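Comments concern the structure below.
The values are calculated or read from the model by the stated rules, or taken from the named source; none is laboratory data. Owing to the predicted nature of the structure, the values given are computational and were not obtained by experimental measurement. Please note: Cβ atoms are built from the backbone with ideal geometry, for glycine as well, and neighbour counts cover all protein chains shown.
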Amino acid sequence: MTMMTTVNHTESDAAVPPVHHAEDLVGPSKLAHIQLGDQTYILRITRAGKLILTK
């Protein structure tokens with residue numbers, strides 16, 4: 001006799017990514033350098049409140 005197990009997955013089972021507030025990352029300068037491997041990116045908050053990520 002073979003037993004089968006049924007697992008019902010929900011959204012809460014998925015890994016929840018961390019939340020980072022952009023204002024905390026950039027501080028009063030509205031700029032942050034983000035390092036990924038050997039590349040440096042610049043995260044900027046514009047006057048209109050939009051995020052720009054550039055290399």
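See the values below:
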read-out: Qualifying residue in the range 20-30 (condition: polar (S, T, N, Q) and modelled with pLDDT of 95 or more); value: yes
read-out: Sole exception among (1) modelled with pLDDT under 95; (2) touching a strand residue (DSSP E or B) at 6+ places or on another chain (Cβ under 6 Å) for Thr10, by number; value: (2)
read-out: Residues satisfying the stated conditions in the range 30-55, i.e. basic (Lys, Arg) and surrounded by 10 or more Cβ atoms within 10 Å (Cβ to Cβ); value: Lys30, Arg44
read-out: Pair list, Cβ under 7 Å, 6 or more apart: the range 30-55 residue under 16 Å from His20 (Cα atoms) and part of a strand (DSSP E or B), other residue modelled with pLDDT of 95 or more and of a type in the set (Phe, Trp, Tyr); value: Ile34/Tyr41; Leu53/Tyr41
